[in-house]
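Notes for the one structure printed next.
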Amino acid sequence: MFFFYLIFNSLFFVILTLVHEMGHYLMGRYIGIPKQNMKIEMGKFPQYVALRKDGEFISPVEFEKYIAAYFEHDPKGRYSFRFINAGFVAEFIVILTLFPIFNFLLEIPSLSISLIMTALAVYVGYLVLSIGMKIKTRTPWGDFGGMWEISKPRSACIITLSIAAKIVLLLVSISLVYS
């Protein structure tokens, strides 16, 4: 049984990561960033959507350069918070789609539990990593760092609600195992 969960957790991690980066990419396209000026970097840690500026692709780790590349396409920063959050929104859409499929259609709540536990662990882990890197580098790091720079109150609400929603879904799935 252990290997079953290990395989599914690994698969869910890859799927959620890809979906997260696709969320950023699709929001970038919606904003008007040309596809040749963006690319998804899945082979690096952390994974990210690179933006092209002056012929080179820039990682969000290079915060100042990345912001400059982004603002070429959204000069007023009107969509910046949405661009940063698009990855989390895309992940949550996938979770909300798979939740009823695993729990009610397939009647395998353990898959739902595995998915939500993976999503929750990655989300909280990434939040802790972002805080640690912000302290270490003194610059915003990752999606959480970018969100926090733009709006602390909105970020706090989104982070709290996201964690709470995942916990509720997890508890519902667990209750289905014991019903």
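Derivation of every value follows stated rules applied to the coordinates shown; laboratory data play no part. Everything quoted here is computed from the prediction, not taken from an experiment. Positions of Cβ are backbone-derived with ideal geometry, glycine not excepted, and every protein chain shown enters the neighbour counts.
Mean projected area of the convex hull spanned by the Cα atoms of region 121-163, taken over all viewing directions: 2.7 nm². Compute the Rg/Rh shape ratio of region 38-91: radius of gyration over Kirkwood radius, all on alpha-carbon atoms. With Rh from the inverse mean 1/r over Cα pairs, Rg/Rh is 0.96.
Can you sort Asp74, Asp54 from fewest to most other Cβ atoms within 10 Å of each residue's own Cβ?
On the way: Asp74 16, Asp54 9.
The most exposed by this proxy come first: Asp54, Asp74.
Both radii were evaluated on the Cα set of region 74-179; the Rg over Rh quotient, with Rh as the Kirkwood radius, amounts to 1.06. Could you please state, rounded to a whole Å, how far the C-alpha centre of region 54-91 is from the C-alpha centre of region 104-179? Cα centres, region 54-91 to region 104-179: 21 Å. Candidate cross-link partners of Lys35 among the aspartates and glutamates, defined by an alpha-carbon separation under 19 Å and a same-chain spacing of 8 or more, comprise Glu21, Asp54, Glu56, Glu72, Asp74.
I'd like the FRET efficiency for Phe104 and Ile167, computed as 1/(1 + (r/R0)^6) with the beta carbon distance as r and R0 of 25 Å, rounded to 0.05.
Details: r = 19 Å, r/R0 = 0.78.
Result of the calculation: an efficiency of 0.80.
Determine by what factor the alpha-carbon radius of gyration of the chain differs from 2.2 N^0.38 Å, reporting the quotient. Walk me through the numbers before you get to the answer.
Numbers: Rg = 17.4 Å, N = 179, 2.2 N^0.38 = 15.8 Å.
That ratio works out to 1.10.
Label-to-label distance, Phe3 versus Phe71, with points set 7 angstrom from Cα along the beta-carbon direction: 5.4 nm.
Largest first and in whole Å, the equivalent-ellipsoid semi-axes of region 1-90 read 28, 14, 10, each the square root of five times a Cα gyration tensor eigenvalue.
Counting every other Cβ atom within 10 Å of each residue's Cβ, Ile40, Ile84 order from fewest to most as Ile40, Ile84.
Taking trypsin sites (Lys or Arg not before Pro) as exposed when DSSP calls them loop (any state but H, G, I, E, B) and at most 15 other Cβ atoms lie within 10 Å, what is the longest stretch of the chain free of them, the sites themselves excluded? List each step's numbers first, then the result.
Numbers: sites that count: Lys44, Lys76, Arg78, Arg138.
Maximal segment without exposed cleavage sites: 79-137.
Report the Stokes-Einstein translational diffusion coefficient (µm² s⁻¹, integer) for region 70-128, Rh taken as the Kirkwood radius over Cα pairs, at 20 °C with viscosity 1.002 mPa s. Display every interim value, and only then the final one.
Numbers: Rh = 13.3 Å.
So the translational diffusion coefficient is about 161 µm²/s.
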